[in-house]
Amino acid sequence: MHRLRTCASRLRPLTASQTVQNATQPRQGPGPRTFQPMRCYTAPVAAEPFLNGTSSNYVEEMYYAWLENPKSVHKSWDIFFRNANAGAPPGAAYQSPPLGVSLSGLVQAQSLVGAQPNVEKLVEDHLAVQSLIRAYQIRGHHVAQLDPLGIMDADLDSCVPTDIITSSDKLGFYGLDESDLDKVFRLPTTTFIGGSESALPLREIIRRLEMAYCQHIGVEFMFINDLDQCQWIRQKFEKPGVMQFTLEEKRTLLARMVRSTRFEEFLQRKWSSEKRFGLEGCEALIPALKTIIDKSSENGVENVVMGMPHRGRLNVLANVIRKELEQIFCQFDSKLEAADEGSGDVKYHLGMYHRRINRVTDKNITLSLMANPSHLEAADSVVQGKTKAEQFYSGDNDGNRVMSILLHGDAAFAGQGIVYETFHLSDLPDYTTHGTVHVVVNNQIGFTTDPRVARSSPYPTDVARVVNAPIFHVNADDPEAVMYVCNVAAEWRATFHKDVVVDLVGYRRNGHNEMDEPMFTQPLMYKQIKKQKNVLQKYAEKLIAEGAVTRQEYEEEIAKYDKICEEAHARSKDEKILHIKHWLDSPWPGFFTLDGQPKSMSCPSTGLPEEELAHIGQVASSVPVEDFTIHGGLSRILKGRGQMITNRTVDWALGEYMAFGSLLKEGIHVRLSGQDVERGTFSHRHHVLHDQNVDKRICIPMNHVCPNQAPYTVCNSSLSEYGVLGFELGFAMASPNALVLWEAQFGTSTTRPSASSTSSSAPARPSGSGRTASCCCCPTAWMEGPEHSSARPERFLQMCNDDPDVFPNITEDFAVRQLYDCNWIVVNCSNPANYFHVMRRQILQPFRKPLIIFTPKSLLRHPEAKSNFDDMLTGTNFLRMIPDEGPPAQNAEGVKRLIFCTGKVYYELLRERKTREMEDTVAIARIEQLSPFPFDLVKAETEKYPGADLVWCQEEHKNQGYYDYVKPRMRTTINRTRPVWYAGRDPAAAPATGNKHTHLLELKRFLDTAFNLDAFAEHI
């Protein structure tokens, strides 16, 4: 029998042969699932006594006591109940007690069993009823009426679970028969179907279970291992009459459905040939989101951060965030230029930030919808990061005032790994946002791909089970069921501060976009869709039939919203109507002005007074907590730091400490995250000290730099690159007054395309005055041996937007202007002082840009990779390029070769030059900032050595690393008047050889090339 039945048909008496199915509805799934309600559900309930006789009542009481605590009854009864519960046949449940067991009470038990031959059957029947109730709680969702089209099974399986009662003959599965249907059974404490009644006839029990679990809502929750949480959900769905709405609530719901539906219809009328990724087929999403926000606002939430893919985004912007309609409509103007859009992205990917009054609760609420590139779920962890930041900066430690809502498509939710990575962060101490409401817009299709070949799990939402998130499946064509489920989801989040999923099962009325033809691949589904009334018509007819509204009132509501749209459309034709600020998802009020005037395009010195450097160094080399026992090896490390302070030198870790400590002192929050960052992968950092005698007692010296400093957050992350990088990017978006860093444990973990492109393209999105997240990404870039450990710098550099063929106009503020115009900054520091300066510059410059820092392994402890205090004092700055200041600079005319390089290879070249005694004839310059490229400094350096060969040297292979990026820019710098030679490894597929001997051989070969003045004639 077809699954799609009306509630009325379920309650009518049905015979075993009767079926209810719609012969006109084609089916694309495996065959219809046979599920028929039991016979005579409306038959009069027999009110017979539960048991006669005191002894039977005594057994019953004992049985329920045993359910609560098996040790509360005598051992013999414990055995009896266990056997009966395990399915022992009548007469076999009782066993003699083991030897040594006291006989006190046993005689009474035996006499009771002998006196009441039906006691055992009674207990078994009660156990059967409990099993039946549990079956519906666990598997009832498999037969719920979830598909509005009536042609698909939401769980991809047409079979009815064996233990769900579909006809009286299935009662035999539980050892029951039709004669038991009118017997009254006491209800266990694990169900609420009785309401105020403690016992019900079996047929009524089954009817109420079906009403709770097999209608338009399917509830998955029994996998949750917390009894209180399970009981809370049971109460919400099992209590009779819970899904009741007032007349006002129904009318509000209808008005929201009108707005959702008519908005899409208006766009279709006005711009029928434009893509908009409309919401038709799942219009209930709009009232669903508004219900979640209303209930959350009622519970104290003041700020909601949202993320979603492109489908339905314009509708959400219009009817949930309440963006002005004219701002949306003018984006459809074909004459709109990219400069007018200010984005480099399309309207259904952009976001918004809006603070307004919630009309249901009369409370202020801030709504922000994050921009999202075309990576579907890429925004998930970004939203979580921004939510965490908003909670952190507002002191909302429990997530009572700030929350997140994430929207998903069904195919993407099941198919993209970032979904799991984001769920995996949900309960981690430094990443939890204290519960997210996930809403899956389940179109039952992914572009042209049928769900049966798109996922292996029954539901697209099964990934949420890994964090014990309840999953509420609901038929999107039942707005009241949707509204109820969303109320429950919002209450769950407010009560337990854990994730929850609403699976909104609908369909997609058009193709993937409005230009697509879905009949090519899903002909039967779309034949049915063409005959399908939209949900607004269905719901309006239902309310009119109920008398909740009149047809005139309904038509007036439609006319009212249509007029709003038409008036907004007329206003949208004003050429000056578009405002870029309307598309910002994270505005930073006051950041771009100083004393009411725009900030100047300059960056102050990033150096510090010596006493401040020394003070921070003392903190870094001490344990500022009494009675704290640290590891002996760490004592030596701290002592070594103290010695460096005395000698006025810093290594890599100490330079980082001074940068962070100084920013904290200036009120800048610093957050460092990533795998193993607390100690440092190579045991160099030690920002978190652990007491060797007290478990979980830690000390973070950086939080003791000075009174009234900003907080320092350092946290080890899960081993998730894509997810954590997105999280930190989102965290950085919340405030410009924070330095947010993510450190990759190994370089290759940063190069997943979506993660990198989300960060690199952020400035190309609507940015106003250089408003992009100041997130620093620190991949480890080192070629220390044959390991495959390249950070793949070529991939980052490939996404830089500076033009390699145009020599820029050099002005007084050129260095800062370059940073302002670029999409992100890429550096490879060769000494601690420059690392110190670039960190501080990231905050002191008058705008924010993402920063990529390639960090080394060997330089962490390299004896020559140390800096003097003099390089970090007031008046000093980050050096975009470090020229050779040794003997070659004193005798420029005698220099035969000028080698440009970046990063740790400098020290290899330095050592080789000394070994070959070529200090006077070979100059080595270090390009520290690769992007934007320091054209001016490279030009000055080449002009200093007019008779020198120009060489680019790198340790990466020729088709990797920096060569392809640097070569055209160097040629542009010298106007192609001199050749630029290459010294490095030959092209290769892998970033390292995997063989130590080969690695060393390659190293020797390219060093020979770099210093052999005749090598190029042979090599090139």
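Observations, loosely collected:
- Distant-in-sequence amide H partners of LYS363 (H built 1.01 Å from N, under 5 Å): ASN358
- Straight-distance candidates among the aspartates and glutamates for linking to LYS527, with alpha-carbon spacing under 16 Å and chain neighbours fewer than 8 residues away dropped: ASP147, GLU280, ASP450, ASP516, GLU517.
- Value of Rg to Rh for the stretch 247-583, rounded to two decimals, is 0.94; Kirkwood radius and Rg both from alpha-carbon coordinates.
- Integer Hz, Karplus 6.51/-1.76/1.60 couplings in order for the stretch 930-936, x for Gly and Pro: 7, 9, x, 5, x, 3, 5
- VAL826 long-range amide H proximity, modeled H, under 5 Å: ILE852, LEU930, SER931
- Diffusion coefficient, µm² s⁻¹, Stokes-Einstein with Kirkwood Rh over alpha-carbon pairs of the stretch 378-453 at 37 °C and 0.692 mPa s: 245 µm²/s
- Mean projection of the Cα convex hull over all viewing directions, computed for the stretch 202-277: 8.8 nm².
- Checked against a 29 Å cut-off, the cross-linked pairs LYS323/LYS665; LYS121/LYS236; LYS388/LYS563; LYS323/LYS560; LYS295/LYS386 give Cα-Cα distances beyond that limit for LYS323/LYS665; LYS121/LYS236; LYS388/LYS563.
- Positive minus negative residues near ILE668 (Lys, Arg vs Asp, Glu; Cβ under 14 Å): +4
- Under the Debye formula (equal points on every Cα, no solvent term), log10 I(q)/I(0) of the stretch 838-973 at q = 0.09 Å⁻¹: -0.29
- For the stretch 361-421, the equivalent ellipsoid derived from the Cα gyration tensor has semi-axes of 25, 13, 10 Å, listed largest first.
- Rounded to 5, percent antiparallel among DSSP beta bridges of the stretch 247-583: 25 percent
- For the stretch 870-881, putting each phi into the Karplus relation 6.51 cos²θ - 1.76 cosθ + 1.60 with θ = phi - 60° gives couplings of 4, 7, 10, 6, 3, x, 8, 9, 5, 9, 5, 9 Hz, in residue order, rounded to whole numbers and with x for Gly and Pro.
- Ordering 384-396, 809-821, 930-942 by mean Cβ neighbour count within 10 Å, with the highest value first, yields 384-396, 930-942, 809-821.
- Amide H contacts under 5 Å for PHE185, placed H, 5+ residues apart: LEU200, LEU202
- Projected label points at ASP986 and SER635, each 7 Å from Cα along the beta carbon direction, are separated by 5.5 nanometres.
- Table column - 3J(HN,Hα) (Hz), the stretch 257-267, Karplus curve with 6.51, -1.76, 1.60, x for Gly and Pro: 5, 4, 4, 4, 6, 6, 4, 5, 5, 5, 4
Every number in this text was worked out from the coordinates using simple rules, so none of it is lab data. Values in this document were obtained by computation on a predicted structure and should not be read as measured data. We place every Cβ from the backbone using ideal geometry, glycine too, and count neighbours over all the protein chains shown.
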